[in-house]
Amino acid sequence: MPIYEYRCNQCAGEFEKYLPSGSTAVVCPTCESARVTRRLSLLSVRTNAASAGAAAMPMQGGGGCCGGGCGCH
Ligand SMILES: [Zn+2]
């Protein structure tokens, strides 16, 4: 379950909040303003980058296909 990071447009405060799907009512815990901007979680960004890198590795090593069990040679 993702935890989103928010930045308040009112007081410029930053906070994290777990947001259940379907819920859009997010207010700043400091000033209770609803003018908040959702940011990408650093954790999820890092995870996405790691998974993307892991997914790209086999692609880059595609030349090794013939050394594997694909039976192309
Ligand atoms: Zn605020």
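Considering segment 30-47, the residues that are part of a loop (DSSP other than H, G, I, E, B) and within 15 Å of ILE3 (Cα to Cα) include one that is modelled with the lowest pLDDT, namely SER41. Among the residues of segment 16-28, is there at least one that is aromatic (Phe, Trp, Tyr) and either at pLDDT 90 or above or part of a helix (DSSP H, G or I) (or both)? The answer is no; no qualifying residue exists.
The values are calculated or read from the model by the stated rules, or taken from the named source; none is laboratory data. This one's a predicted model, so the numbers in the text were calculated from it and none came from an experiment.
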